[in-house]
Amino acid sequence: MSDEPVMRTQVGIVGAGPAGLVLAHLLHLRGIDAVVLESRDRDYLEHRVRAGVLEQATVNLLKEMGVSERLEREALVHHGLELRFGGRRHRIALDELTGGRTITIYGQQEVVKDLIAARANAGAPLLFEVEDVRLEGVDSARPVLRFRHHGEQRELRCEAIAGCDGFHGICRDAVPSDVLTVHERVYPYAWLGILAEVAPSSDELIYCQHERGFALHSLRSPQLTRLYLQCDPGDRIESWPDQRIWDELHTRFACDGWELHEGPIVERGITPMRSFVAGPMQHGRLYLAGDAVHIVPATGAKGLNLAVADVRVLAAGLVRWFDEDDRSLLDAYSETCLRRVWRTQYFSWWMTTMLHRAPDDRDRFQANLQRAQLDYVTSSPAAATSLAENYVGFEHDVSERIV
Ligand SMILES: Cc1cc2nc3c(=O)[nH]c(=O)nc-3n(C[C@H](O)[C@H](O)[C@H](O)COP(=O)(O)OP(=O)(O)OC[C@H]3O[C@@H](n4cnc5c(N)ncnc54)[C@H](O)[C@@H]3O)c2cc1C
């Protein structure tokens, strides 16, 4: 990319998270120019610990895109998950219930690392540490991104802009407020997440419902365990010293014949639980994708997968527009994506309410409903299949191969 203050590209992409990077690479593979603008530095992105469960369709796409070499070597494929409640263990056989579909454990930061490397190898523009990005003319045929880079004011003239800048980004605000409808639920609990340097205590994920609150045992590698505890959204991380975290995890996961391994905690944080959808996901020449337009509570492990599913549709629409001058897919972008978004919102909300302790449940009404549902899901093949097919995820919403 030139160092001229005024540059041109076909698609200006704001944000180098999973959505922006997958979109950029899909477009690159089809010969469409894009410039990615990212406010953080490369090292920060490559070490930002977040999601880690990849749906079958996400893995298939990364393979199709040719960025899965390390994933295929290092990732862990899971064929089932465990629901634990009342001190008992119940396995949901994901693959048997879904005709062989599985989930794959591979950290989001590893996906991001692979995609940044692919972009660098392609010599395609990805600018880190850009500042003060502003969108202009999204209603016109010549939208513009203005920003500062290395102290210089720059202008990027685009034919379309992809807002992939996450929940706290600026692109969503470029849609007029009388056009955008926002749906939001904030849950009365949060997740305290830790990364511990210790071998996982289970080969598969454990979703645990307990009267003291939800807990999740997950993993990132054979040496790294990821654990979560339901906590109060007002809690501060300082009020959770290591011993309190481990004590609480031991209490919630307790069951005969199973032991939780402890190890040094190398990452910790508290994440609020939120459901959020803004629509439409497009306005003029601006297309929003991923966390910029929707947030799901993490219980369903869907955030990253939903971001990838969005840009798969967006890339197909942009390719058809640039290659064939046909806008039909692009015009239907928001409508196509929102169907999956709301299905996923439902599943994430359902998993969340089934597994978390409701803080104001004085007569245990909610707790009894939860137990009834958990008994059903673990005894009825039909109910277990519904959980399994939603958890491994559905095929993407466009059928043509992108590559
Ligand atoms: C703390 C945390 C923990 C999570 N844990 C899980 C989990 O365990 N399981 C799960 O399934 N999901 C989890 N998620 C959700 C999942 O990580 C997201 O759904 C996923 O990152 C969405 O990808 P994205 O590309 O849409 O957005 P992001 O990954 O947020 O990427 C947006 C990018 O845009 C950049 N950006 C923002 N503003 C600007 C700007 N003005 N200019 C330029 N660049 C900008 C950001 O720096 C970022 O790199 C978690 C999210 C968070 C925040």
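The values are calculated or read from the model by the stated rules, or taken from the named source; none is laboratory data. Owing to the predicted nature of the structure, the values given are computational and were not obtained by experimental measurement. Here the Cβ positions follow ideal geometry from the backbone for every residue, glycine too, while neighbour counts run over all protein chains shown. What goes into the accessible areas is simple: the full protein's heavy atoms, side chains included, and nothing from ligands, DNA or RNA. Shrake-Rupley method; radii C 1.70, N 1.55, O 1.52, S 1.80 Å.
See the values below:
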item: Unmet criterion (only one of (1) of a type in the set (A, V, I, L, M); (2) surrounded by fewer than 15 Cβ atoms within 10 Å (Cβ to Cβ); (3) within 16 Å of the ligand (Cβ to nearest atom)) for Val77; result: (3)
item: Matching residues, the stretch 171-199, being open to solvent by 70 Å² or more (accessible area, probe 1.4 Å) and either within 15 Å of the ligand (Cβ to nearest atom) or among the basic types (Lys, Arg) (or both); result: Asp173, Arg185, Val186
item: Verdict on Ala93 being within 16 Å of the ligand (Cβ to nearest atom), in contact (Cβ under 8 Å) with a residue 24 or more places away in the chain and either basic (Lys, Arg) or surrounded by fewer than 21 Cβ atoms within 10 Å (Cβ to Cβ) (or both); result: no
item: Cβ-Cβ under 6 Å pairs, at least 6 apart or on other chains, the stretch 279-308 side closer than 13 Å to Ser348 by Cβ and within 8 Å of the ligand (Cβ to nearest atom), far side open to solvent by less than 10 Å² (accessible area, probe 1.4 Å) and among the aliphatic types (A, V, I, L, M); result: Gly300/Met351
item: Hits in the stretch 259-278 (condition: open to solvent by less than 30 Å² (accessible area, probe 1.4 Å) and within 14 Å of the ligand (Cβ to nearest atom)); result: Gly269, Met273, Ser275, Phe276, Val277, Ala278
item: Residues of the stretch 118-136 that turn out to be part of a loop (DSSP other than H, G, I, E, B), small (Gly, Ala, Ser) and crowded, with 17+ Cβ neighbours inside 10 Å, as a count; result: 1
item: So Thr352, is it open to solvent by less than 30 Å² (accessible area, probe 1.4 Å), touching a Phe, Trp or Tyr at 6+ places or on another chain (Cβ under 8 Å) and in a helix (DSSP H, G or I); result: yes
item: Leading residue by the ranking (nearest to Pro264 (Cα to Cα)) among those in the stretch 212-230 that are in contact with a helix residue (DSSP H, G or I) (Cβ under 9 Å, 6 or more places away or on another chain) and hydrophobic (A, V, I, L, M, F, W, C); result: Leu227
item: Flag if Arg73 is among the charged types (D, E, K, R), outside any helix (DSSP H, G or I) and modelled with pLDDT of 95 or more; result: no
item: Hey, Ala51 in contact (Cβ under 8 Å) with a residue 12 or more places away in the chain, part of a loop (DSSP other than H, G, I, E, B), among the hydrophobic types (A, V, I, L, M, F, W, C) and surrounded by 15 or more Cβ atoms within 10 Å (Cβ to Cβ) or not; result: yes
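Here's the yes/no breakdown for (1) closer than 19 Å to Ala51 by Cα; (2) surrounded by 20 or more Cβ atoms within 10 Å (Cβ to Cβ):
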{"residue": "Val311", "(1), (2)": "yes, yes"}
{"residue": "Gly317", "(1), (2)": "no, yes"}
{"residue": "Asp323", "(1), (2)": "no, no"}
{"residue": "Asp331", "(1), (2)": "no, no"}
{"residue": "Arg339", "(1), (2)": "no, no"}
{"residue": "Thr344", "(1), (2)": "yes, yes"}
